[in-house]
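S.K.: First the structure, then my questions, so here it is.
Rule-based calculations on the coordinates, nothing more; no lab input. Just so we're clear, the structure is a prediction, and the values are computed from it rather than from any experiment. Note that we place each Cβ from the backbone using ideal geometry, even for glycine, and neighbour counts take in every protein chain shown.
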Amino acid sequence: MALQSLDIKARSATTTPSPSVRETMEVAKLIDISKCIGCKACQVACMEWNDLRDEVGNNVGVYDNPADLTAKSWTVMRYAEVEVEQNKLEWLIRKDGCMHCADPGCLKACPSPGAIVQYSNGIVDFHQENCIGCGYCITGCPFNVPRISKQDSKAYKCTLCSDRIAVGLEPACVKTCPTGAIVFGAKGDMIHHAEGRVTDLKSRGYTNAGLYDPQGVGGTHVMYVLQHADQPSLYSGLPKDPSISAMVGLWKGVAKPLLSLGIGLTVLAGFFHYIKAGPNEVEEETEK
Amino acid sequence: MSNETNLVQRYNVKERTNHWVVAITFIMLVLSGLALFHPSCLFFYSLFGGGTWARILHPFIGVIMFLSFLGLAVKFWDHNHITDTDREWRKHLGDILANKAKNLPEIGKYNIGQKYLFWSLVAIIPMLMLSGFIIWQPYFAPVFAIGLVRFASLIHALAAFIGIVAIIVHVYAAYWTRGSISAMTRGTVTKAWAKHHHPAWYKEVNKGAK
Ligand code: HEM
Ligand code: SF4
Ligand code: SF4
């Protein structure tokens, strides 16, 4: 969704500066998994605010419903039953969705100008009117987030309620969460808030509690407080050290400029060869 | 037919048609592909009616090119085996490029540069087809593992690069070597051209004609 009141830090398939004179605060959403009761009010609020009505699916035997992110379900709750200590069952419920990476693989891979933008406040947003449906964002994302709609072949994901943030509101999920497990504010404040929560969790025996703000993608604008920050994969496969895949780095970081240069040089070499040597003509004698 | 005139037949109608189907589809693929590859080529999107159309059309054009290239590969396969004479000829490459070559080894229908082009296309076009298939949205990409899709994206770009550079050289060589283009447009070259550039082939054609 195009938002003229938010400035843009990075724009897909664009090599010149984006509009960026306004100063906005770097924001973040903090999800405290230790406070989440899995009520899915946030999932409902997301549908409500964004006018999304996914198909009513089937129960797959667990509480996860829908079972995965879709073009119409931008956030889903993932329920993991784990025994970190033997005979001590823990129900780790993670609100999954876009992490709003500081270094977004989706944006790096996207070949359509302005289909993906990163606002100066850190939010990564998809502008579907510019999307061509190539799926490169899926290839680039280290968190398996974007989904292409079967209805219109455009990519969709969580907007972090950029439209609400732009007018000074908090995201719909934050507003609705009954336990205060989701909070929103300046990124620095959220890190500070998380530190308090981590200290509290440690005093309650979660010695490995910590903040999930993975530096491999430059940090994220959606962060988690984890009881077991040493094992993020316990939380339905949250990656431990996510980063943009080396394959995508080679493709979009190395190959893109080098190969373009190579093609340009080949054309120039041909042109200047002709200028220097002239055409290869069959001589008069052999014509007979 | 060529006995009365100073022309020699080099390609028949089927070969020419096949060549140009490959050439036209290849160029369309290069243009739409480069637009997807690098922002400096974004304006090529508009040749296809915008980015979305370019994305939709590119893989279908790719299938046409792949199938028609198979035809070309089969037709030209036997003429492209690299021989010792070709290797001998290659030693004179510097002189040839400077238009100073004299007493070249008598090569057949294709020189070693053309043969390298042929074999590099034989290698990369199936690679492009296969990797393109794996990244084809919305039909096929979703069924492949993400690691494979990432690998295929990289391979597709690399293979396309090799193909594009090879074709730039090919097009330039066709233009630079005066008298070649008619081989693919009218099907004929002059006897002088044939004698000069592909003497062994010329002898063979003459023998057949007698
Ligand atoms: C405007 C572009 C092109 C021009 C002017 C052109 C011209 C020619 C000419 C004149 C020949 C005959 C050379 C000879 O008989 O010695 C030829 C052969 C051939 N062309 Fe092209 N061509 C073009 C594009 C392409 C493209 C895009 C492809 C494939 C992707 C291609 C594939 C081939 C192949 C495989 C041969 C046979 C050469 C061999 O087997 O070594 N051409 N072309
Ligand atoms: S599908 Fe993803 S990568 Fe492709 S244009 Fe749309 S947003 Fe960009
Ligand atoms: S989580 Fe994926 S979709 Fe979200 S900003 Fe990061 S790379 Fe993009």
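S.K.: Say the dipole of the protein assembly as shown comes from +1 at the beta carbon of Lys and Arg and -1 at that of Asp and Glu; which of A:Ala41, A:Val27, A:Cys141 then lies farthest toward its positive end?
M.R.: Result: A:Cys141, furthest along the dipole toward the positive end.
S.K.: Also: Would you list B:Lys14, A:Lys95, B:Lys203 from fewest to most Cβ contacts within 10 Å? Walk me through the numbers before you get to the answer.
M.R.: Numbers: B:Lys14 10, A:Lys95 24, B:Lys203 14.
So the ranking, lowest neighbour count to highest, is B:Lys14, B:Lys203, A:Lys95.
S.K.: Taking R0 as 56 Å, what FRET efficiency do you get between A:Lys240 and B:Lys102 from their Cβ-Cβ distance, rounded to the nearest 0.05? Display every interim value, and only then the final one.
M.R.: On the way: r = 67 Å, r/R0 = 1.21.
The value I calculate is 0.25.
S.K.: Now, a different point. Would you mind calculating the relative contact order of the stretch A:8-243 from Cα pairs under 8 angstrom and at least 6 residues apart, reporting the percent as a whole number? Spell out each step's value before the answer.
M.R.: On the way: 475 pairs, mean separation 64.0, N = 236.
It rounds to 27 percent for the stretch A:8-243.
S.K.: Need the C-alpha centroid separation for the stretch B:87-132 versus the stretch A:33-62, integer Å.
M.R.: 62
S.K.: Per residue of A:112-119, what is the mean number of Cβ atoms on other protein chains within 10 angstrom of that residue's Cβ?
M.R.: Working: counts 10, 4, 0, 1, 0, 0, 0, 0.
Average per residue, whole number: 2.
S.K.: Here is a further query. Taking a quarter of the surface of the convex hull around the Cα atoms of the stretch B:165-210, what do you get in nm²? If you can, show how the numbers build up before the last one.
M.R.: Values: hull surface 14.4 nm².
Dividing the Cα hull surface by four gives the mean projection, 3.6 nm².
S.K.: Under Stokes-Einstein, with the Kirkwood radius over Cα pairs standing in for Rh, what whole-number D in µm²/s applies to the protein assembly as shown at 20 °C and 1.002 mPa s? Write out the running numbers ahead of the final one.
M.R.: Numbers: Rh = 26.5 Å.
Calculated translational D: 81 µm²/s.
S.K.: Would you mind finding the longest exposed-site-free stretch of chain A, with exposed GluC sites (Glu not before Pro) meaning DSSP loop and at most 12 other Cβ atoms within 10 Å? Let's see the in-between values first.
M.R.: On the way: sites that count: A:Glu23, A:Glu55, A:Glu283.
Result for the longest clean stretch: A:56-282.
S.K.: Cross-link list A:Lys40/A:Lys252; A:Lys40/A:Lys240; A:Lys72/A:Lys175: which exceed 32 angstrom alpha carbon to alpha carbon?
M.R.: Values: A:Lys40/A:Lys252 37 Å; A:Lys40/A:Lys240 25 Å; A:Lys72/A:Lys175 20 Å.
Pairs exceeding the cut-off: A:Lys40/A:Lys252.
S.K.: While we're looking at this one, here's another question. Using Cβ contacts closer than 10 Å as the measure, can you line up A:Thr16, B:Thr25 from fewest to most?
M.R.: Working: A:Thr16 6, B:Thr25 20.
Result, fewest neighbours first: A:Thr16, B:Thr25.
S.K.: For the residue pair B:Asp84 and B:Ser40, what label-to-label distance in nm results when each label sits 7 Å from Cα along the Cα-to-beta-carbon direction?
M.R.: Going by the 7 Å Cα→Cβ label model, 4.6 nm.
S.K.: Further question on the same structure: Can you give me the C-alpha center-to-center distance between the stretch B:16-75 and the stretch B:138-210, rounded to a whole angstrom?
M.R.: Measuring centre to centre over Cα atoms gives 15 Å.
S.K.: Let me ask another. Let me know the charge dipole size of the stretch A:1-96 about its Cα centre in debye, to the nearest 20, where only the beta-carbon of Lys, Arg (+1) and Asp, Glu (-1) is charged.
M.R.: Working: 12 positive and 15 negative charges, 61 e Å.
That gives the stretch A:1-96 a dipole magnitude of about 300 debye.
S.K.: Still on this structure, I have one more. Compute the Rg/Rh shape ratio of the stretch A:8-243: radius of gyration over Kirkwood radius, all on alpha-carbon atoms. Don't skip to the answer; put the middle values down first.
M.R.: Working: Rg = 17.4 Å, Rh = 18.2 Å.
Here the Rg-to-Rh quotient is 0.96.
S.K.: Taking the mean number of other Cβ atoms within 10 Å as a proxy for protection, how do you rank B:88-95, A:250-257, B:128-135, A:58-65 from highest to lowest? Don't skip to the end; give the middle numbers.
M.R.: On the way: B:88-95: 13.6, A:250-257: 17.5, B:128-135: 20.2, A:58-65: 11.9.
Ranked by mean Cβ neighbours within 10 Å, highest first: B:128-135, A:250-257, B:88-95, A:58-65.
S.K.: If you place +1 on the Cβ of every Lys and Arg and -1 on the Cβ of every Asp and Glu, how big does the dipole about the Cα centre of the protein assembly as shown come out, in debye to the nearest 20? Spell out each step's value before the answer.
M.R.: Numbers: 48 positive and 41 negative charges, 290 e Å.
With only Lys, Arg, Asp and Glu charged at Cβ, the dipole is about 1400 debye.
S.K.: Taking only C-alpha pairs under 8 Å that are 6+ residues apart, what is the relative contact order of the stretch B:31-181 in percent?
M.R.: Working: 105 pairs, mean separation 26.9, N = 151.
Reported as a whole number, the value is 18 percent.
S.K.: Right, another one. Near the amide H of A:Tyr224, under 5 Å away, which other amide H atoms are found, from residues 5 or more places off or on another chain, if H is placed in the peptide plane?
M.R.: It is A:Ile31, A:Tyr212, by chain and number.
S.K.: For the stretch A:107-148 and the stretch A:158-227, what is the centre-to-centre distance using only Cα atoms, to the nearest Å?
M.R.: 23
S.K.: Assuming a ≥ b ≥ c are the square roots of the Cα gyration tensor eigenvalues, decide whether the stretch B:73-210 counts as rounded (a/c under 1.5), prolate (otherwise, with a/b larger than b/c) or oblate.
M.R.: Numbers: a/c = 2.77, a/b = 2.34, b/c = 1.19.
Here the stretch B:73-210 falls in the prolate category.
S.K.: Reachable aspartates and glutamates from A:Lys95, Cα under 14 Å, same-chain residues fewer than 8 places away excluded?
M.R.: Cross-link targets: A:Asp32, A:Asp64, A:Asp68.
S.K.: Would you mind ranking B:Val22, A:Val21 by Cβ crowding within 10 Å, fewest neighbours first? Mind dumping the intermediate values first?
M.R.: On the way: B:Val22 22, A:Val21 6.
With the fewest neighbours first, B:Val22, A:Val21 line up as A:Val21, B:Val22.
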